Amino acid sequence: MILDRFRVPGKVAVVTGSGRGIGAAAAVALAEAGADVVLSARTQADLEKVAERVARTGRRAHVVPADLSDPAAAGALAAAAVEAFGRLDIVVNNVGGTYPRPLLETTPEFLEEAFRFNVATAHALTTAAVPAMLEAGGGAVVSISSNMGRIAGRGFAAYGTVKAALAHWTRLAAVDLAPRIRVNAIAVGSVATSALDLVTSNAEIREKMESATPLRRIGDPEDVAAAILFLASSAGAYVTGKVLEVDGGLQAPNLDLGLPDL
Ligand SMILES: NC(=O)c1ccc[n+]([C@@H]2O[C@H](COP(=O)([O-])OP(=O)(O)OC[C@H]3O[C@@H](n4cnc5c(N)ncnc54)[C@H](OP(=O)(O)O)[C@@H]3O)[C@@H](O)[C@H]2O)c1
């Protein structure tokens with residue numbers, strides 16, 4: 001059955017930033033497909049709620065509250081998975097993001113911080129996970145990049161640059177880790193999560209974003225979770241070093257911050 005290839009029975013996954021949004025949807029999707037999941041974010045109450053949803057699928061969740069802007073904390077999740085569940089097969093590098101800013105207000109420090117939060121954390125967790133993945137017989141890494149890493153929008157120099165770095169890190173790490181570990185990314189468009197609340201809670205802005213999106217809607221976390229499951233499972237067994245665009249068909253930004261010409 002082809003659907004069996006989307007199942008991950010007995011596998012163990014770490015999902016960063018899994019208290020809400022895309023990370024929470026990914027953790028629940030992986031659990032529905034058969035994986036035990038390590039959940040990490042800063043807010044324990046959110047993680048406990050996601051852990052309950054995982055438990056309802058019949059799988060186990062292990063909650064690790066941590067500030068993952070520190071790459072060492074992200075790296076430590078690999079050992080936490082092995083300690084809790086005895087193995088590690090799947091890493092979802094989901095935590096990340098940074099605020100848009102006018103270019104001249106984007107300090108070198110802001111850029112470096114964004115790089116650490118979006119790229120260094122993914123690198124730290126992935127490299128820490130490699131020995132356990134090899135011991136498990138192989139593994140899959142999926143990182144969450146953005147369409148802004150591919151197209152240009154005013155005000156997104158820091159965010160777009162680090163998401164582009166994460167996309168190319170994916171291509172490079174895939175070559176280093178082939179053939180036993182696959183490494184892929186998803187370039188996500190606009191998805192209705194708390195990260196986007198500020199803009200999507202304004203009906204006028206939301207309508208503008210929707211009409212500027214070829215599929216005429218903002219994405220759901222599950223739209224991304226389905227793609228994560230494809231890349232993390234043996235359904236994606238012949239895919240590595242690729243960036244899958246899950247963005248409603250965007251070829252240009254769907255959000256204009258209204259920053260004036262200098
Ligand atoms: N939503 C979109 O439109 C969109 C578009 C393109 C790409 N993305 C990317 O998708 C990923 C997930 O975004 P989302 O929209 O799902 O965001 P979200 O709904 O705001 O959820 C973010 C999750 O990450 C956790 N988190 C944030 N900062 C953290 C930190 N320093 N340490 C540990 N955990 C932290 C949050 O929990 P705590 O605050 O409790 O820590 C929360 O669980 C990000 O990499 C983002 O750049 C999102």
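Key figures for this structure:
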| item | result |
| --- | --- |
| Heavy-atom surface of the chain, accessible at 1.4 Å and reported per residue (Å²) | 48 |
| Ordering of 213-223, 137-147 by burial proxy (mean other Cβ atoms within 10 Å per residue, highest first) | 137-147, 213-223 |
| Neighbourhood charge, 12 Å Cβ-Cβ cut-off, centred on A185 and excluding it, Lys, Arg +1 and Asp, Glu -1 | +4 |
| Partners for K11 among lysines (Cα-Cα distance below 27 Å; same-chain residues under 8 apart left out) | K49, K242 |
| Value of relative contact order over segment 2-246, rounded to a whole percent, pairs C-alpha under 8 Å and six or more apart | 21 |
| Fraction of accessible area attributable to carbon and sulfur, segment 2-246 (%, probe 1.4 Å) | 56 |
| Share antiparallel - DSSP beta bridges, the chain, percent rounded to 5 | 0 |
| Protection proxy ranking, peptides 93-105, 8-20, average beta carbon neighbours within 10 Å, highest first | 8-20, 93-105 |
| Inter-centroid distance (Cα atoms) of segment 221-262 relative to segment 44-87, Å | 24 |
| CD proxy at 222 nm, helix term only [per DSSP H run n ≥ 4: -39500 (n - 2.57); per residue of the chain; nearest 500] | -13000 deg cm²/dmol |
| √(5λ) per eigenvalue of the Cα gyration tensor, the chain, largest first, Å | 29, 19, 18 |
| Within-14-Å neighbourhood charge of A31 [Cβ basis; K, R +1; D, E -1] | +2 |
| Under the span-like rule (Cα at least 27 Å along the axis, Kyte-Doolittle mean at least -0.5), DSSP H helices of the chain | 157-177 |
| Centre separation in Å (Cα based) which lies between segment 158-215 and segment 103-124 | 16 |
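The values are calculated or read from the model by the stated rules, or taken from the named source; none is laboratory data. Keep in mind the model is a prediction, meaning the values are calculated, not measured. Note that each Cβ is placed from the backbone with ideal geometry, even for glycine, and that neighbours are counted across all protein chains shown. When the accessible area is computed, the model is the full protein with side chains, heavy atoms only, and any ligands, DNA or RNA have been set aside. Shrake-Rupley method; radii C 1.70, N 1.55, O 1.52, S 1.80 Å.
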